[in-house]
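The values are calculated or read from the model by the stated rules, or taken from the named source; none is laboratory data. Predicted, not measured: the structure shown is a model, and the values here were computed from it. Cβ placement follows ideal geometry from the backbone for every residue including glycine, while neighbour counts extend to all protein chains displayed. The protein model used for the area step is the full one, side chains on, heavy atoms only, and it has no ligands, DNA or RNA in it. Shrake-Rupley method; radii C 1.70, N 1.55, O 1.52, S 1.80 Å.
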Amino acid sequence: MNRQYAELVGPSPQRHFPHDGPGGPDGPGRLAPPPRTAGGVAARNVLVVENDQRAAETLLRGLIRQGYAARGVDTGAQALRGHRDADLILLDLDLPDLDGLEVCRAIRAISDTPIITVTARRSELDCVLGLQAGSDDYLVKPYGFRELLARMEAVMRRSHGRPATADTGRVITHAGLRIDVAARAATLHGEPLDLTRKEFDLLHLLALQPGTVLTRRQIMAQVWEDAWSPRGRTVDTHVGTLRGKLGSSTWIITVRGVGFRLGHP
């Protein structure tokens, strides 16, 4: 195994990094350092979303040795719950509960956090779909650890200059509907809507992507933070009450066999 990499990740019964080709990271030279600030190395928060436990442990160990504050989750639902504190997300597409593309779209709808898709899906179509879902970069396994670090630094450098999405300060308007995210209040044609917490969260989620059909699983993962447990007609019931409070069934459109989207009454 490459000695520099061994020093990076420390002793392990696994003698090579699982995402590298034979022999570990290729070529001579130093491993790329993490992004730095004026005061030294910045402990960037990296969320690793990886279903393979051994791969995740090795990757986390390497990132921590490089100065990153890295943590891992192994399901899409956990990623949707835990992404808000991350400065960068490394996202595998093959997850046990949600497809990684769904997770990527859901995160990108509410956050500008940089996302690098790290996956074994290697076709051109897979890459295009990943980038269209909101990934900032797409890296195919197996890959070199130094390449990953370089891509992470490049993505964070590019994202550093773009304004962050201040979701809690947003006001969303749509055909007479006004949603004040910070105040957690919604009005329709100037009249306040008496919404429960989950009704507000559901309406907010739909309004963030007015032209997008959201599956029941996506809604369950983001509103109820649960993509696993069968919840019967929980989503349908809340959609029904929201339609009643909005005064028209055309406010929320059912796409049969898929999910729901915000409509135009």
- Whichever residue in the stretch 39-58 is in a strand (DSSP E or B) and open to solvent by 10 Å² or more (accessible area, probe 1.4 Å) and, among such residues, is modelled with the highest pLDDT: N45
- Working carefully through the options D180, D167, find the one that is at pLDDT below 85 and not β-branched (V, I, T). D167
- Message: Tally up the residues in the stretch 230-265 that are under 24 Å from the mean Cα position of the chain (by Cα), open to solvent by less than 40 Å² (accessible area, probe 1.4 Å) and closer than 23 Å to G190 by Cα, please.
- Response: 1
- Note on the structure: In the stretch 133-146, anything open to solvent by 40 Å² or more (accessible area, probe 1.4 Å), in contact (Cβ under 8 Å) with a residue 40 or more places away in the chain and either in a loop (DSSP other than H, G, I, E, B) or among the acidic types (D, E) (or both) is listed as P142
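Show me the strands (runs of 3 or more DSSP E) found entirely inside the stretch 59-132 where at least 2 residues are open to solvent by 10 Å² or more (accessible area, probe 1.4 Å). Give the steps one after another, and end with the answer.
On the way: elements: 69-73, 88-91, 115-119.
It comes to 69-73.
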- Any chance A150 is modelled with pLDDT under 90, part of a helix (DSSP H, G or I) and not basic (K, R): no
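Which residue is surrounded by the fewest Cβ atoms within 10 Å (Cβ to Cβ), if the candidates are limited to the stretch 147-157 and must be hydrophobic (A, V, I, L, M, F, W, C) and within 16 Å of D92 (Cβ to Cβ)?
L148
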